Every structure is written in structure tokens, then in C-alpha cells.
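What follows is a single structure, written as C-alpha cells, with notes after it.
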Amino acid sequence: MATPATDFTIPFLRSRRTNKWHKFAADVLPAWVADMDFGVAPPVAEALDRLARNQEYGYAARDGALAAAFARRMQTRFGWTVDPADAHPIGDLVQASFSSVMAFSEPGDAVLLQLPSYPPFMAAINDTGRRLIANPMRDTGTRWVLNLEAYDAAPDPRARVLIFCHPQNPTGRAFSRAELEAVASFATRHDLIVVSDEIHADIVYPATHTSRSPRCRPRPPRAPSPSPPRPRASTFPRCAVR
């Protein structure tokens, strides 16, 4: 019988050489959103064992296998057709965040982010010369909720990107379908590129949950502005994926 994916004892977890289990004193039980203690699927463990056994530590052959596997997964599980050519594997969430901000905005542009937030998202904005537009969430006493209306009241003309952390870190919120549809409508209304880290999608969503916005189509070019040209015109589709 296979070992359950969460069948770990606290002493076993504390024996791991990870920041999560060594950052705090022994009387603190860390409950990080972005570092969860799940077992690894046997095929993954077997592949890692083979790589170590064969000492395959060189540059990986980028033959498109990962992008193709991603496209199959999205089609099979969520009914979402993805062109593998549009999937770009990257080894680190923070790298992807920096890369996305730089691809879809220019220095001096504004990037919207819900707060509180995972600190590297703020670094991706500030360290690349963009301006952070803080969109604080509201604490209702029972949960944290989005407050998009606050931005609606005073939009920034150079806002280009919405970084959307989901499930939200550090509040742990997994937003409802209605909330996600409101985000899609908000992004469309303000002509924003949504950069979302759906890192827990297969855990959070049932197989029938993902959908695409009816506005998922090539973006028409915007009127010229004093800001430098950005790679935003019809090259990038505006899609809301939930």
C-alpha cells in the first residue's frame, strides 16, 4: 500500500533541512501557504533518482516535452486548449514574476498588487523600476476579501499589470468563482495584464472549474501615449483563466 501524501510526523518534518522547519523556534508550528508538506508522486521520485544515479547534472535538453505535458494536462483536466508553443517552462516562481512584470510593462509603469502579499511580488515591482499600487484587502473579521472598488475610485493611467496571488499568500484565501469573475471583469475594465501564480490549482479546483473569459481574444492596439512603447499590443491575448 502506498504511503499517504501527507503521512508525515512532526519530528520527521523537523528533520528536513528547509527554511520552513528551521526558521522558527521548536514551539512554533509553521503553516506556510507556499511551502506545503505533501509527498512527491512516485514517477517524480523515480525520475529524480534516475537523474542522480546517472549524474545528469548538465543542461537539460529542451525538447518541448514539459510544455506538451502541460498542454495535455490542461486539456484533460480542465478542457482548456493551450498551444504548447505558448507555454514557457521556468524553474522558479520569483523569476517568472520578475520576467512577467518586465515583459508587460516599462519602467515607471504601475503594477497593482493586493496587500498583504508574498514579499517577492513587491520586489518584482520595486526592483524593476515599476511603481507599486497597493490594493489592501479588507479583514471582515472572519476572512480577508478583495477591495477592487478602492482602485476603481482612482485608477492610475499607467497601470499595466495586476499581480494576482491565488490562493492568496499570506491570508490563505482561495477565492470563490464569483470573486474570480469580478477580478476578470476588473482587469478587462482597466485593460490590465493579469499575472497569476495558480500554484495550487489541482488541489483547489475540481476538474470542471477552469473556464475562459469570453473576452479572451487578441488585444487591439492602444492609442499612443507619452510612455515608451511596450510589448502589449495584439501580440498578447487578454485571457482570464480560473
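Here, each number is a calculation from the coordinates, and none is a lab measurement. In this text, all values refer to a predicted model and were calculated from it rather than measured experimentally. Cβ sites come from the backbone with ideal geometry, for glycine too, and all protein chains shown count toward neighbours.
What to note about this one:
- Taking 88, 190 and counting other C-beta atoms within 10 Å, the order from fewest to most: 88, 190
- In this structure, the amide hydrogen of residue 80, modeled 1.01 Å from its nitrogen in the peptide plane, lies closer than 5 angstrom to those of 75, counting only residues at least 5 positions away or on a different chain.
- Residue by residue, region 158-170 carries 3J(HN,Hα) couplings of 10, 6, 10, 9, 10, 8, 10, 8, 8, x, 5, 10, x Hz when phi is fed to the Karplus relation 6.51 cos²θ - 1.76 cosθ + 1.60 (θ = phi - 60°); x denotes Gly or Pro.
- Point-to-point label distance, residue 87-residue 171, nm (Cα→Cβ direction, 7 Å offset): 3.1
- Packing here is the average count of other Cβ atoms within 10 Å per residue, and on that basis the peptides 125-138, 5-18, highest first, run 125-138, 5-18.
- When the P(r) is computed for region 1-146, the part past 17 Å accounts for 78% of the Cα-Cα pairs.
- 176, 196, 100 arranged by Cβ crowding within 10 Å, fewest neighbours leading: 176, 196, 100
- The distance linking region 101-173 with region 25-98 is 26 Å (Cα centroid to Cα centroid, whole angstrom).
- Evaluating 6.51 cos²θ - 1.76 cosθ + 1.60 at θ = phi - 60° for every residue in region 117-128, the Karplus couplings come out as 8, 4, x, x, 5, 5, 5, 4, 7, 5, 6, 9 Hz, glycine and proline recorded as x.
- In this structure, the amide hydrogen of residue 133, modeled 1.01 Å from its nitrogen in the peptide plane, lies closer than 5 angstrom to those of 111, 112, 113, counting only residues at least 5 positions away or on a different chain.
- Amide H to amide H, with H built 1.01 Å from N, residue 195 comes under 5 Å of 162, 163, 164, counting only residues 5 or more places away or on other chains.
- Exposure proxy order (Cβ contacts within 10 Å, fewest to most) of 57, 118: 57, 118
- In order along region 72-88, phi translates into HN-Hα couplings of 5, 4, 5, 5, 5, 8, 10, x, 9, 7, 10, 7, x, 5, 8, 9, 10 Hz, rounded to whole numbers, per the Karplus curve 6.51 cos²θ - 1.76 cosθ + 1.60 with θ = phi - 60° and x for Gly and Pro.
- Region 10-53 - Rg and Dmax from Cα coordinates, angstrom: 13.3, 38
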